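The values are calculated or read from the model by the stated rules, or taken from the named source; none is laboratory data. This is a predicted model, so every value here is computed, not measured. Methodologically, a virtual Cβ is constructed for each residue, glycine included, from the backbone with ideal geometry; neighbour enumeration extends over all protein chains shown.
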C-alpha cells in the first residue's frame with residue numbers, strides 16, 4: 001500500500017504540475033494588459049517546452065522505425081534494380097491491386113512478402129503500446145528502444161542479405177524480427193516500470209464501459225489513417241503497370257520512400273498536436289489549444305521546407321543511396337521538383353489531422369480523405385498516367401493538389 005501511495009502522490013504531482021503550466025499559458029494568452037509581442041513570446045516559450053517533451057522523442061521514434069523499413073529497401077536495391085522494384089511492390093499492403101504486374105517483379109515481390117508476414121502481427125501490438133505510452137507523455141523509452149533496435153537491424157540485414165546470401169527473403173525477415181524486438185522491449189518496460197502500476201488494477205466490468213464510443217472514435221481514426229496510407233501504396237502498385245514498370249516502380253518508390261521518411265517528422269508533430277490539443281480542451285483552455293496548433297504548424301512547416309530544399313540540392317545523386325542505376329537516377333531527378341512541393345505540404349496536412357483527432361473529428365477527416373484521394377485523385381491519376389501518357393510524375397503532381405485541398409478543407 002505504501003508503494004501505491006507514493007505512486008499516487010507522484011501522479012497527482014505530475015498532473016498538478018501540467019495543470020499549472022497549462023493554466024499559466026492560458027493566463028498569458030488571456031492577459032490583454034501585456035503587449036501582443038510579449039504575450040506571444042512568453043506563450044511560445046512555454047509551448048515550445050511542452051511540445052519538445054512530446055514531439056522530439058515522437059519524431060525520433062517514428063523516423064527510426066521508418067528508417068528500418070527504408071534501410072531494408074536500400075539493402076534490396078543494392079542487390080539489383082529488379083530487387084528494388086520487388087521490395088517496393090512487396091512493401092505495399094494492398095496486394096489485390098498487384099494483379100497484372102510484371103511476372104518477374106511479382107515473383108520476386110512474393111519472396112519478399114513471405115518474410116514480412118510476422119511483421120503484421122508486430123504492427124498490431126506495437127501501435128496500441130505506443131499510444132498507451134504517448135497518452136501519458138512517456139516517449140523517451142520508445143526512442144531508446146528504437147535506436148538500439150536500429151543498430152541490430154542494420155547489422156543483421158547486412159549479414160542476411162549479403163553474407164548468408166538470403167537476398168530479399170533475408171532482408172524482409174530481419175525487418176519482421178526487428179519489429180518484434182521493439183514490441184517485446186516496450187511491453188517488458190511497461191510491465192516492469194513503476195510508473196505504470198496504477199494503470200492496471202485487473203479486469204472488471206468498468207473496463208468495457210464506453211466501449212461503443214471508443215470503437216466509434218478508433219474506427220474513424222483507423223479509416224482516416226488507412227485511406228491516406230493505402231493511397232500512396234496504390235500509387236506504387238499502379239506505377240508497376242506503366243510502360244517500363246521496373247523504372248517506373250523504382251523511381252516512384254524512391255520518391256515515396258523519401259516522402260515517407262520526411263512524413264514521419266510531421267507524424268511526430270501530429271501525435272504531439274493531438275495530445276496537446278486534447279489536453280488543453282480537456283482543461284477548458286481554448287486559447288492554449290489554438291496557440292498550440294499555430295506553433296506546431298510553424299515548426300513542422302519550417303522543417304519540411306528545409307527537407308525539401310535538401311532534396312532539390314541533391315536531386316541528381318539522391319537515388320544512388322537506394323540503387324546504382326543511372327537511368328533510375330535520371331528519372332528520380334525528374335520527379336524531385338514535384339516531390340519537394342509534396343514534402344512542404346505534407347508538413348502541414350498531418351498536423352491538421354492530429355488537431356482533428358484531438359478535437360474528435362476523425363469521421364470528418366475520413367470523409368475528406370475518401371473524397372480527395374479515391375473519388376478524385378486515383379481515377380484522375382490513372383487517366384492522366386495511362387491515357388495521356390504522363391507517366392509516374394502525374395501521381396506526385398496530383399498528390400500536390402490533393403494535399404492543398406485537404407489542408408484547406410480541414411483548416
Output for Cβ contacts, cut-off 6 Å, separation at least six or different chains, first residue at positive phi and touching a residue at least 24 places away in the same chain (Cβ under 8 Å) in the stretch 222-249, second assigned to a loop (DSSP other than H, G, I, E, B) and surrounded by fewer than 18 Cβ atoms within 10 Å (Cβ to Cβ), reads none
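Would you confirm, using the coordinates I've provided, whether residue 288 is under 18 Å from the mean Cα position of the chain (by Cα) and in a helix (DSSP H, G or I)? Reasoning before the result, please.
Details: under 18 Å from the mean Cα position of the chain (by Cα): no; in a helix (DSSP H, G or I): yes.
No.
With the structure loaded, tell me whether residue 298 is touching a residue at least 12 places away in the same chain (Cβ under 8 Å) and surrounded by fewer than 21 Cβ atoms within 10 Å (Cβ to Cβ) or whether it fails that test. Break it down into steps so the answer makes sense when it comes.
Numbers: touching a residue at least 12 places away in the same chain (Cβ under 8 Å): no; surrounded by fewer than 21 Cβ atoms within 10 Å (Cβ to Cβ): yes.
Spelling it out, it is not the case that residue 298 is touching a residue at least 12 places away in the same chain (Cβ under 8 Å) and surrounded by fewer than 21 Cβ atoms within 10 Å (Cβ to Cβ).
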Over the stretch 238-247, the set of residues part of a helix (DSSP H, G or I) and surrounded by fewer than 24 Cβ atoms within 10 Å (Cβ to Cβ) is 238, 245, 246, 247
In the stretch 176-211, the residues that are over 27 Å from residue 121 (Cβ atoms), assigned to a helix (DSSP H, G or I) and without any contact (Cβ under 8 Å) to a residue 60 or more places away in the chain: 205, 206
All helices (runs of 4 or more DSSP H) inside the stretch 1-108 with 3 or more residues being modelled with pLDDT under 85, surrounded by 14 or more Cβ atoms within 10 Å (Cβ to Cβ) and under 27 Å from the mean Cα position of the chain (by Cα): 36-77, 81-90
What about residue 265, is it assigned to a helix (DSSP H, G or I), at pLDDT 80 or above and over 16 Å from residue 342 (Cβ atoms)? no
Please verify whether the stretch 113-130 includes one or more residues that are in a loop (DSSP other than H, G, I, E, B), in contact (Cβ under 8 Å) with a residue 60 or more places away in the chain and more than 26 Å from residue 52 (Cα to Cα). no
